[in-house]
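Below is one structure, written out as structure tokens; the observations come after it.
The values are calculated or read from the model by the stated rules, or taken from the named source; none is laboratory data. These figures come from a predicted structure and were not determined experimentally. Every residue, glycine as well, gets a Cβ built from its backbone with ideal geometry; the counts of neighbours run over all protein chains shown. Accessible surface areas use protein heavy atoms only, side chains included; no ligands, DNA or RNA. Shrake-Rupley method; radii C 1.70, N 1.55, O 1.52, S 1.80 Å.
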Amino acid sequence: MAPLLLCLLFLFMFPLGNNAQGPPSPGYYPSSRVGSVGFNQGFRNLWGSQHQRLDQGGLTIWLDRTSGSGFKSLNSYSSGYFGAAIKLQPGYTAGVITSLYLSNTEEHPGNHDEIDIEFLGTTEGKPYVLQTNVYVRGSGDGNIIGREMKFHLWFDPTKDFHNYAILWNPSEIIYFVDDVPIRRYARKSDATFPLRPMYVYGSIWDASSWATENGKYKADYNHQPFVGKYNNFKIGGCRAGAASCRPASASPSGGPGLSRQQLAALAWVQSHYKVYDYCRDSQRDHRQTPEC
């Protein structure tokens, strides 16, 4: 659905002047359809094992001047719903990325796909930025084409755990925060959509060169360790190579797209909390992003 139609739908259902503390109810909760798994049931350490701790099903990873840490799912998937509850560190976290994402970079180095949720660290008194991104056959070789959409949140993500998720199926990618859809990326062509199997990853690492206000503020290790906490892991996906598996759906109908109520919640978030959209960046070469 076009952005203008989304906004009109939002205004019809939720007139301005009644801006609640949080988004309107999406009416449907995809996370309730997927059971939680313990970390060891679905994941393993990938790097920085000395900066990773399990406690009663919860995972803590941290970054200091010696190392960060990352983890990876035991299996790869061709589609599915993938999520976790995450709590971020307060205070000065500039330059630090805490993430949950899908990727096949190890299988396709220099030519990989990726679907990202990345929390961009910040300075005192400024909110975190939640960056969503989609790479299609891209890499860090200078030819990468990012499809970034960035948001602030309607709550403080350092105060408590909140659920963040990616739903990826053959027709669309939908990002959720506490079951509220914040972004839908539709498959408009095979060339602009990731179709190869991916693993699920999480990590905390130093991205000082770009993470906070385009690299203006760097990681300051006087504030170390930088900590990310995860629990309530959810993996509801079709394993790569499975002979028969029904892809996950975001909507109560079980089909593609979102319900009218979900679209209204999506429009509310995009109207009030979206802070960057690659399709609306006049500095970008949109010949490389024909889906815009």
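Please name all residue pairs, on different chains or six or more residues apart, with Cβ atoms under 7 Å, provided the first residue is in region 222-233 and is closer than 13 Å to Gln52 by Cβ and open to solvent by less than 10 Å² (accessible area, probe 1.4 Å) and the second residue is β-branched (Val, Ile, Thr) and assigned to a strand (DSSP E or B). Close Cβ pairs satisfying both conditions: Gly228/Ile61; Gly228/Ile86; Gly228/Thr98; Gly228/Ile204; Tyr230/Ile86.
Any residue that is closer than 30 Å to Tyr221 by Cβ and in contact (Cβ under 8 Å) with a residue 12 or more places away in the chain - is there at least one of those in region 178-194?
Keep residues of region 178-194 that are closer than 30 Å to Tyr221 by Cβ, which gives none.
There is no residue in region 178-194 that is closer than 30 Å to Tyr221 by Cβ and in contact (Cβ under 8 Å) with a residue 12 or more places away in the chain.
Mind checking which residues of region 154-199 are closer than 24 Å to Thr289 by Cβ and acidic (Asp, Glu)? Answer for region 154-199, where residues must be closer than 24 Å to Thr289 by Cβ and acidic (Asp, Glu): Glu172, Asp190. Considering the conditions (1) touching a strand residue (DSSP E or B) at 6+ places or on another chain (Cβ under 7 Å); (2) surrounded by 19 or more Cβ atoms within 10 Å (Cβ to Cβ), Ile145 is excluded by exactly one of them, (2). Conditions: (1) modelled with pLDDT under 95; (2) of a type in the set (Gly, Ala, Ser); (3) over 23 Å from His223 (Cβ atoms). Gly58 meets all but one. Number of the miss? Condition (3) is where Gly58 drops out.
Being in contact (Cβ under 8 Å) with a residue 60 or more places away in the chain and among the polar types (S, T, N, Q) is the filter here; which residues of region 66-85 pass it? Break it down into steps so the answer makes sense when it comes.
The initial filter retains those residues of region 66-85 that are in contact (Cβ under 8 Å) with a residue 60 or more places away in the chain, namely 68-73, 75-85.
Answer for region 66-85, where residues must be in contact (Cβ under 8 Å) with a residue 60 or more places away in the chain and among the polar types (S, T, N, Q): Ser69, Ser73, Asn75, Ser76, Ser78, Ser79.
Among the residues of region 75-128, those that are within 22 Å of His272 (Cβ to Cβ) and open to solvent by 30 Å² or more (accessible area, probe 1.4 Å) comprise Gly125, Lys126, Pro127.
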